[in-house]
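Read the structure below first, then the notes.
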Amino acid sequence: MLFTSISFLYYFLPLVLIVYFIVPKNYKNLVLLLFSLLFYFYGEPKYILLMLFEILVAYIGAILIDKYKDKSILILTLFIHIILLVIFKYTDFFISNINNIFNTNFKLLNIALPIGISFYTFQIISYVIDVYRGKVKVQKNFLKLATYVSLFPQLIAGPIVRYEVIEDELDNRKHSFENFALGTRRFTIGLAKKVLIANMLGELCTKFDLVDERSIIFYWLFAISYMLQIYFDFSAYSDMAIGLGRIFGFHFLENFNYPYISKSITEFWRRWHISLGSWFRDYVYIPLGGNRVSKIKFLRNILIVWLLTGIWHGASWNFIIWGLLFGILLIIEKLWLNKILDKLPNIIKRIYVLFIVMISFIIFNANTMNTAWHNIIGLFGVNKEPFINTYTIYYIKSYLPILIVAIIASTPICKNIIEKLKKNNLINNIINILEPFYIIILLLLVTAYLIDSSYNPFLYFRF
């Protein structure tokens, strides 16, 4: 079930809100658990047992780890979760590569990827490790642990919520009109970002794939559009998850912080998919020694983290190359390039980051590296296509307004202007009065678009 579906917005969500706020406090977690399982069952009925099994393994494993402080129990528990992730996500990738290398003909298993398995597996792993480290108390109530893992706002596309963030709120969260209003506002803005911006940019990217009459400008139009689409698609889901969490009294951490204003690739990854970056930092990079080791091991640690980051995103070579590309770029920045970047104007730094990120997302998006290479060299006219043609002019005229809106909205310009205006008491009061109408108008526009449009995927569901 998609957040951006009529069935979720006008059936599932109102029902869960009514039931949740009617029942006594002691039953609220149970309500969330049951509706979260229903939410997952709607999209993946056969894999709900897999998720429940993983929760049970984590529940028993964490209790044993807490009791015996035995590292072997930790390793066994982690192994079970990791091997399940590998089996369901990477088996066919391994088989196809074995066939290519050894010229064999093993049949692919065609295992369907359970929605959200990468996200909930990482949440479980962080919980088990934190129990071993003594960072969080072991959860002896199975229903509460299951609620944490399966919580529907962030279940299938993140952000990766660590147990320590909501440990106390599982028992003692506060419900208020302010939380409800802030959550509703955040959810609706995320909904609008996804439906009114990301989906429209996605339509343009789809048309690029279907059109044979391309031009140099069309390659650039596609590359910029996809870079904006993936940002608005994923950050919108995070906004909706954070907003829904706030409605139910949970305070999820931010997952994006205007990454396209970054002045280095290092800064970009502090602002993009923050929950994933911090997860790899705390559970892979630092345990490997971080930067407090020899230079060779330091470089090794970075490459391992980014190899795993690429693999986490998907079972395909383009994701692996994409991850390693960023690993190499981060190494270059840390060893040499930062000294040069520090001397350059901010505008040059930002152009450098945007260009690198744009190229990286062409690789990220491509089904094959041949396609990625073709689209990259197309930016520079190597494919011997015209500079511009009538198709490109048509699509520029059609999508230029949404591109301008997307570019502005990907920066904190609007946010900063509103914050400055709010310093004036009169204007602040006017904004507060108008905000509910603004939210209602956005919801109506989104609803109209959803009824009229068939294009509504979430890019990060495949992870």
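Using 0.36 nm per residue, how much length does the chain from Asn429 to Ser453 gain when fully extended, once their Cα-Cα distance is taken away?
5.0 nm
Please work out the Cα center distance from segment 201-268 to segment 324-403, rounded to the nearest Å.
The two parts, judged by their Cα centres, are 14 Å apart.
Could you compute the net charge surrounding His175? Neighbours are other residues with a C-beta less than 13 Å from the C-beta of His175; K and R count +1, D and E count -1.
Value of the local net charge: +3.
For the chain, which whole-number percentage of the solvent-accessible area (1.4 Å probe, protein heavy atoms only) is attributable to carbon and sulfur atoms?
Carbon-and-sulfur percentage of accessible area, whole number: 67.
Where the centre of each part is set by its Cα atoms, how far does segment 131-181 sit from segment 1-20, in angstrom?
Comparing the Cα centres of segment 131-181 and segment 1-20, I get a distance of 21 Å.
Of all the C-alpha pairs in the chain, what % are more than 39 Å from each other?
So the pairs more than 39 Å apart make up 25 percent of the total in the chain.
Which value, in Å² rounded to 10, gives the accessible area of Thr390 with a 1.4 Å probe and all protein chains present?
Its accessible surface works out to 110 Å², give or take rounding.
Sort 261-268, 406-413, 140-147 for me by packing, meaning the mean count of neighbouring Cβ atoms within 10 Å per residue, highest on top.
Per-residue Cβ counts within 10 Å, averaged per peptide and sorted highest first, yield 261-268, 140-147, 406-413.
Spelling out what I want: for every residue of segment 43-55, take phi, set θ = phi - 60°, compute 6.51 cos²θ - 1.76 cosθ + 1.60 (Karplus), and round to whole Hz; glycine and proline get x.
x, 9, x, 6, 9, 5, 5, 4, 5, 5, 5, 5, 5
Output the pairs from Lys25/Lys67; Lys69/Lys135; Lys28/Lys174; Lys295/Lys349; Lys71/Lys137; Lys89/Lys207 with a Cα-Cα distance over 22 Å in this structure; if there are none, say none.
Lys25/Lys67; Lys295/Lys349; Lys89/Lys207
Rounded to the nearest 500, what is the chain's calculated 222 nm mean residue ellipticity when only DSSP H runs of at least 4 contribute -39500 (n - 2.57) each, over all residues?
-22000 deg cm²/dmol
List the residues whose amide H sits under 5 Å from the amide H of Phe256, counting only those 5 or more places along or on another chain, with H placed 1.01 Å from N in the peptide plane.
Placed amide hydrogens put Ile274 under 5 Å from Phe256.
Between Arg292 and Asp212, 0.36 nm times their residue separation minus their Cα-Cα distance comes to what?
Using 0.36 nm per residue and subtracting the Cα-Cα distance, I get 23.6 nm.
Within the set of other residues whose C-beta is less than 14 Å from the C-beta of Gly289, count the net charge using Lys and Arg as +1 and Asp and Glu as -1.
Neighbourhood net charge equals +4.
Give me the 1.4 Å probe accessible area per residue for segment 334-440, excluding ligands and nucleic acids, in Å².
That works out to 67 Å² per residue.
Of Ser225, Ala198, Asn179, which is farthest on the positive side of the dipole of segment 173-255, counting Cα position, with +1 on Lys and Arg Cβ, -1 on Asp and Glu Cβ, and the Cα centre as origin?
Of the candidates, Asn179 comes out farthest on the positive side.
So what are the ³J(HN,Hα) numbers for segment 69-74, from phi and the Karplus equation (6.51, -1.76, 1.60; θ = phi - 60°), rounded to whole Hz, Gly and Pro as x?
Using θ = phi - 60°, the values come out as 6, 9, 5, 5, 5, 4 Hz.
Quickly work out the Asn370-to-Lys334 label distance, labels modelled 7 Å from Cα along the C-beta direction, and quote it in nm with one decimal.
Each label point is offset 7 Å from its Cα along the Cβ direction, giving 3.7 nm.
The values are calculated or read from the model by the stated rules, or taken from the named source; none is laboratory data. Note that the structure is predicted; figures quoted are calculated from it, not measured. Please note: Cβ atoms are built from the backbone with ideal geometry, for glycine as well, and neighbour counts cover all protein chains shown. Note: accessible area is taken over every heavy atom of the protein model, side chains too, but ligands, DNA and RNA are not part of it. Shrake-Rupley method; radii C 1.70, N 1.55, O 1.52, S 1.80 Å.
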